[in-house]
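Scroll down for the structure; my scribbles are underneath it.
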Amino acid sequence: MSSPQPDPAALAVIVSYQQQTAQIRQQLEGFIRALWASLGVYRDPQMRDFAKQAAAEVIGAQRHMSAVTSAYLGQQRLLATGSSSVATVNPAKVTGAAVRNGTPMDEVYGRPFHLVWRDLGAAKELDTPPDDYVTKAIQHGEDRAVNLALTDVQLAKTHTTASIGARDAKAKWSRRILEGESSCGLCIVASTVTYHPGKLLPIHPGCDCGQEYGYTDEVPGSVLNDAVLAQGHAAIEERFGKHSPGARAIPGQDGLMYRDVLIEHHDGEIGPVLAIRNHKFTGPTDLAA
Ligand SMILES: [Zn+2]
């Protein structure tokens with residue numbers, strides 16, 4: 001596999017974008033955790049209050065993510081084509097219920113409460129519920145709320161990118177760019193393939209991948225080297241087990257056998273989701289998170 005040296009200017013644009021998106025994620029996570037902790041009581045009135053405040057903050061973060069993503073794609077296009085002109089994105093189409101197939105945000109941000117209530121109910125049915133079951137249930141709800149919010153800003157990113165790519169006559173292909181720490185094995189392997197511009201990037205819970213557009217007929221070799229790809233294989237094995245069909249069979253090539261291993265599920269709410277062939281999800285909440 002070739003490991004071309006990335007152009008320093010292009011790399012600087014990517015790094016700056018990654019820093020900005022990481023900051024959006026961090027700030028949003030901090031806000032959601034603080035808001036959740038401030039409630040103290042987790043009943044219906046708090047649910048309504050939380051959902052309202054969380055939704056407002058998430059929409060602000062999504063608009064920010066969309067703006068930063070448009071600017072990044074413009075800079076990337078400038079370097080590649082000499083023109084930074086990208087299509088204007090309507091914020092209403094890449095935020096809120098629009099990126100969850102119409103699911104209202106108060107429903108989405110009520111889910112962490114239903115999770116807490118379910119956990120509490122299950123613990124109470126045990127003969128001897130563990131001492132910390134209340135704390136654990138509340139923590140579980142908080143973590144779910146953070147996952148929902150981070151998925152929402154990721155969806156704002158992927159929808160903005162697809163909207164721009166669909167209207168860029170010069171863009172020939174698009175590719176996933178790993179954002180670092182959060183990249184899972186699925187994304188590492190999936191970053192070796194190219195998509196048609198305008199296609200919505202498949203994600204998974206916790207995904208923070210970015211995308212780049214290519215303006216050349218020829219698709220340059222993946223910047224992934226064998227060592228990174230091996231990490232991807234190991235991560236997939238760890239997550240899905242050594243007996244996942246194909247987990248060991250991903251070749252050290254530019255994604256030639258990608259479709260033999262990685263597949264897309266279509267989730268009715270969040271759209272295309274990355275998965276391993278034949279891997280069974282534990283439940284719909286995996287996808288909606
Ligand atoms: Zn990802």
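The values are calculated or read from the model by the stated rules, or taken from the named source; none is laboratory data. As the structure is a prediction and not an experimental result, all values here were calculated from the model. As a convention, Cβ positions derive from the backbone with ideal geometry for all residues, glycine included, and neighbour counts pool all protein chains shown.
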| Any residue in region 185-201 that is in contact with a strand residue (DSSP E or B) (Cβ under 7 Å, 6 or more places away or on another chain), within 14 Å of the ligand (Cβ to nearest atom) and at pLDDT 90 or above? | yes
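Whether any residue in region 144-153 is among the basic types (Lys, Arg) and surrounded by fewer than 19 Cβ atoms within 10 Å (Cβ to Cβ) is what I want to check.
There is no residue in region 144-153 that is among the basic types (Lys, Arg) and surrounded by fewer than 19 Cβ atoms within 10 Å (Cβ to Cβ).
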Out of (1) loosely packed, with under 14 Cβ neighbours inside 10 Å; (2) touching a residue at least 24 places away in the same chain (Cβ under 8 Å); (3) aliphatic (A, V, I, L, M), the one VAL41 does not meet is (2)
Q) Out of all the residues in region 125-148, is one or more within 16 Å of GLY210 (Cα to Cα) and within 16 Å of the ligand (Cβ to nearest atom)? A) no
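Please note which helices (runs of 4 or more DSSP H) are completely contained in region 1-120 and include at least 2 residues that are more than 18 Å from LEU178 (Cα to Cα) and β-branched (Val, Ile, Thr).
Filter on region 1-120 gives 44-81.
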Cβ pairs under 8 Å, 6+ apart or interchain, first in region 16-29 and without any contact (Cβ under 8 Å) to a residue 60 or more places away in the chain, second part of a helix (DSSP H, G or I) and not aromatic (Phe, Trp, Tyr), ordered by first then second residue, are GLN20/VAL68; GLN27/ALA61
If you go through ASP131, ASP152, ASP119, ASP168, the only one that is among the acidic types (Asp, Glu) and within 17 Å of the chain's Cα centre (by Cα) is ASP152
Cβ pairs under 6 Å, 6+ apart or interchain, first in region 104-117 and of a type in the set (Gly, Ala, Ser), second surrounded by 15 or more Cβ atoms within 10 Å (Cβ to Cβ), ordered by first then second residue, are GLY110/MET47; GLY110/ALA51
Any chance region 161-172 includes a residue that's closer than 24 Å to LEU200 by Cβ, out of contact with any Phe, Trp or Tyr (no Cβ under 6 Å at 6 or more places or on another chain), charged (D, E, K, R) and within 16 Å of the ligand (Cβ to nearest atom)? no
field: Filter result for ASP208 (more than 16 Å from the ligand (Cβ to nearest atom) and either touching a helix residue (DSSP H, G or I) at 6+ places or on another chain (Cβ under 9 Å) or part of a strand (DSSP E or B) (or both))
entry: no
